[in-house]
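Below you'll find the structure, written out as structure tokens, and then a few comments.
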Amino acid sequence: MQICQKKIWKRANWGQFDHSMDGKANHPAEKTRVAAVGQRSYIYSPFWCKYEDLNIFGGEDATKERWELWNKDIAEVFLNPQPERLWHYYEFEVAPNNQWIDLEITGKGISDHDAKWNSNFGHAAQVDSKNHVWTAEMRIPLSALNVSTPTGNRMARELLSRDRIGR
């Protein structure tokens with residue numbers, strides 16, 4: 001089945017952005033669409049990403065975590081189940097070639113990025129080079145975050161509402 005074509009995504013609310021992280025520059029040729037759905041045990045998130053040129057780590061084993069994946073093109077989800085602990089959150093990244101990393105962040109420094117933490121999140125990515133689009137899906141287990149289902153549903157809603165605000 002094609003990524004981002006599952007029934008669950010037809011009823012999801014999608015947000016989109018096409019601007020730089022600081023919000024000062026627009027990049028419509030690199031528009032990204034994202035959704036989030038919280039269910040009993042997981043948060044699901046699909047990404048639909050336009051691109052001009054892909055920036056990836058090529059020729060590497062995509063079955064192993066890739067440190068510093070964030071320096072290339074990625075789809076990423078940040079989840080903070082304890083908002084009162086601002087600098088404790090979880091990060092999930094997937095690249096167009098399905099390279100991945102999941103991190104537990106416990107502070108502001110790079111030494112506070114725990115790549116040994118393992119969420120066992122599911123992910124898939126594919127590239128449509130003809131249309132200059134790559135897609136990704138993530139399935140993040142709430143058990144890895146030590147949260148209940150209502151918290152997972154709240155985090156999924158907040159993830160999407162922040163992206164819809166877009167800045």
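Rule-based calculations on the coordinates, nothing more; no lab input. All figures in this text were calculated on a predicted structure; none of them were measured in a lab. Glycine gets a Cβ as well: all are built from the backbone with ideal geometry, and neighbour counts include every protein chain shown.
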- [ ] Would you compute, for the Cα atoms of the stretch 46-136, the largest minus smallest coordinate along each principal axis and list the three values in descending order, in whole Å?
- [x] 44, 25, 22
Task: Given charges at beta-carbon only (K, R positive; D, E negative), |dipole| of the chain in Debye - done: 900
Task: In nm, spacing of pseudo-spin labels at F78 and N13 (7 Å Cα→C-beta vector) - done: 2.1
Task: Under Karplus coefficients 6.51, -1.76 and 1.60, residue-wise ³J(HN,Hα) of the stretch 119-129 in Hz, glycine/proline x - done: 8, 6, 6, x, 7, 8, 9, 8, 10, 10, 5
Task: Cβ-based exposure ranking for Y89, Y51, in which fewest neighbours within 10 Å come first - done: Y89, Y51
TODO: Would you kindly calculate the mean projected area, averaged across all directions, of the convex hull enclosing the Cα atoms of the chain, in square nanometres?
DONE: 10.0
Open item on the list: Which one, E52, E93, E84, has the greatest fluctuation when you compute a Gaussian network model over the chain with C-alpha springs under 10 angstrom?
Closed with: E84
Task: Amide H contacts of W117 (H built 1.01 Å from N, under 5 Å, at least 5 apart or other chain) - done: E104
Open item on the list: Apply the Karplus curve 6.51 cos²θ - 1.76 cosθ + 1.60, θ = phi - 60°, to the phi angles in the stretch 44-57 and return the couplings in whole Hz, x for Gly and Pro.
Closed with: 10, 9, x, 10, 10, 10, 7, 8, 9, 9, 7, 10, 9, 8
Task: Likely footprinting exposure, F121, F57, fewest C-beta neighbours within 10 Å first - done: F57, F121
Open item on the list: Which of V34, V77, V147 ends up with the largest GNM mean-square fluctuation for the chain, with Cα atoms connected below 10 Å?
Closed with: V147
Task: Relative contact order of the chain, pairs being alpha-carbon contacts under 8 Å that are 6 or more residues apart, as % - done: 27
Open item on the list: Which residue fluctuates most in the GNM of the chain (Cα springs below 10 Å): N71, N98, N80?
Closed with: N71
TODO: Kindly put I8, I74 in sequence by how many other C-beta atoms sit within 10 Å of each C-beta, fewest to most.
DONE: I8, I74
